[in-house]
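The values are calculated or read from the model by the stated rules, or taken from the named source; none is laboratory data. Just so it is clear, the structure is predicted and the values come from calculations on it, not from any experiment. Note that each Cβ is placed from the backbone with ideal geometry, even for glycine, and that neighbours are counted across all protein chains shown. All accessible areas refer to the heavy atoms of the entire protein, side chains included, with ligands and DNA or RNA removed. Shrake-Rupley method; radii C 1.70, N 1.55, O 1.52, S 1.80 Å.
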Amino acid sequence: MERVRQSDTWHLCARELRPWLLLLWVTAWEQTPCGSLPADDLLIAARLDMPVDMLRQHREVLLRGWTAHEDGRLYHETITERVLDMLDKRARDAQRAANRRARLAASAPSHDGITDASRVTPGGARSEFDTKHQAPSTIDNSPKPPRGGRPAVSFKTWAEERKAAGESLIPQDDPVFAYASEVGIPEEFMQLAWTEFKHRYSEASKTYKDWRPVFRRAVRENWMKLWIIDGESYRLTTTGQQAQRAKGAS
């Protein structure tokens, strides 16, 4: 918004048109390719839900700085710059995540059975989460009768079944990590989310056939309210800080 408010276009635009100007820029960000517009007044007006006559009447200011390119779409230098910044950040975040996963995969267990990725897992235990090992539950919880296919079970039962099958509860290639890398959620926050997720549902009566998609949704929607976005970065909420202290004390 600081960049927008300092622009010449913003100051040249009449006050009553500024909401349309903002909507046009936001709409461009959601297009494919990102940050572009169709080089067609009818299509632009349709995407804005704006009368085409109104668009044409104010086209000089609303589309100021937009130029047609060989692909038949309009691009704005400032928005293109922001798109490139975003793509560069995503690429750097993805590379950092890939490097972390590679380091974890390369860290072989030491003589006492403890890997670099875990300081609390008993020797021989298998990682249930890419970035944190946790001790398995020993409480039995019989599954509900199936209605077809795999039965819906509690989190504890599901975790025990996956461990008995030699599976990680959240494997390294789970889509949740790609999502976290894409949006910039720090690795330590993901570890905290997994710890709180297990704590919340280990004693719960809810049942699912597969708890991995449930955890992905919990991360996407920030069910535990552990973090907020502050400017360009994430920080823990009061709830998140309390969870972090509890985790450190355990």
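Data for the structure
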read-out	value
Distance (nanometres) between label positions extended 7 Å along Cα→Cβ at residue 3 and residue 95	2.1
Solvent-accessible surface (1.4 angstrom probe) belonging to residue 9, in square angstrom, nearest 10	10
Across 156/247; 89/198; 89/209, pairs whose alpha-carbon gap is larger than 28 Å	89/198; 89/209
12 Å beta-carbon shell around residue 223, net charge (K/R +1, D/E -1)	+3
At R0 = 25 Å, FRET efficiency that the Cβ-Cβ distance of residue 232 and residue 31 yields, to 0.05	0.65
